[in-house]
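Enquirer: I have a structure here, written as C-alpha cells, and I will follow up with some questions on it.
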Amino acid sequence: MEAPQGLLFRLAGRGRLFRTLMAVMVLMGLVTGAVFPFGMVALGLPPRAVFQPTFVAACLLAGLLVGGANYLVVRLVLAAPLKMLAGMAREVAGGNLRCDPGGSG
C-alpha cells in the first residue's frame, strides 16, 4: 500500500488535490450527519422523534454544509500559498536559484 504522502503528491501533481479534499470533506460531513441521529438516541432522545425523515434530512444537510464550508476554508487558506510555492519550484527547476518568495523573481 502506498504511503499517504505519496498519494497526496501524486494527486497534487495531477491537479486533483483540491477535488479529492472536497470529496473527502463532503463525505465526512455526510457520515457525521448520518451518525448524528444515533448519537441523539444514545443521549436519551426518543427514537420516534429522532428518526423522523425531516430530522434525518436536516442532519444530512447540516453535514453536507459543514463539509462544504470546511472545503472552502481550506481552499481559501491553502490555494494561494501552494500556487506561490509551485511557481517558486518551477523557477528553481529552471535554474533560477535567486527566486524571491514575494514573487518578484
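Enquirer: Residues of region 14-29 being surrounded by 13 or more Cβ atoms within 10 Å (Cβ to Cβ) and among the small types (Gly, Ala, Ser), which ones?
Expert: Step one: of region 14-29, the residues surrounded by 13 or more Cβ atoms within 10 Å (Cβ to Cβ) are 17-18, 20-29.
The answer is 23, 29.
Enquirer: Right, next: Residue check: is residue 32 modelled with pLDDT of 90 or more, among the hydroxyl-bearing types (Ser, Thr, Tyr) and surrounded by 13 or more Cβ atoms within 10 Å (Cβ to Cβ)?
Expert: For residue 32, the condition - modelled with pLDDT of 90 or more, among the hydroxyl-bearing types (Ser, Thr, Tyr) and surrounded by 13 or more Cβ atoms within 10 Å (Cβ to Cβ) - is met.
Enquirer: Looking only at residues in region 38-65 that are of a type outside the set (A, V, I, L, M) and in a loop (DSSP other than H, G, I, E, B), which one is surrounded by the most Cβ atoms within 10 Å (Cβ to Cβ)?
Expert: If we take residues in region 38-65 being of a type outside the set (A, V, I, L, M) and in a loop (DSSP other than H, G, I, E, B), then 51 is surrounded by the most Cβ atoms within 10 Å (Cβ to Cβ).
Enquirer: Taking residue 10 as meeting all but one of (1) at pLDDT 90 or above; (2) exposed (fewer than 15 other Cβ atoms within 10 Å of the Cβ), write down the number of the exception.
Expert: The failed condition is (1).
Enquirer: Could we say that residue 73 is assigned to a helix (DSSP H, G or I), surrounded by 13 or more Cβ atoms within 10 Å (Cβ to Cβ) and β-branched (Val, Ile, Thr) here?
Expert: When the stated conditions are applied, residue 73 does not pass them.
The values are calculated or read from the model by the stated rules, or taken from the named source; none is laboratory data. Here the structure is a predicted model, which means the values were calculated and not measured. Cβ sites come from the backbone with ideal geometry, for glycine too, and all protein chains shown count toward neighbours.
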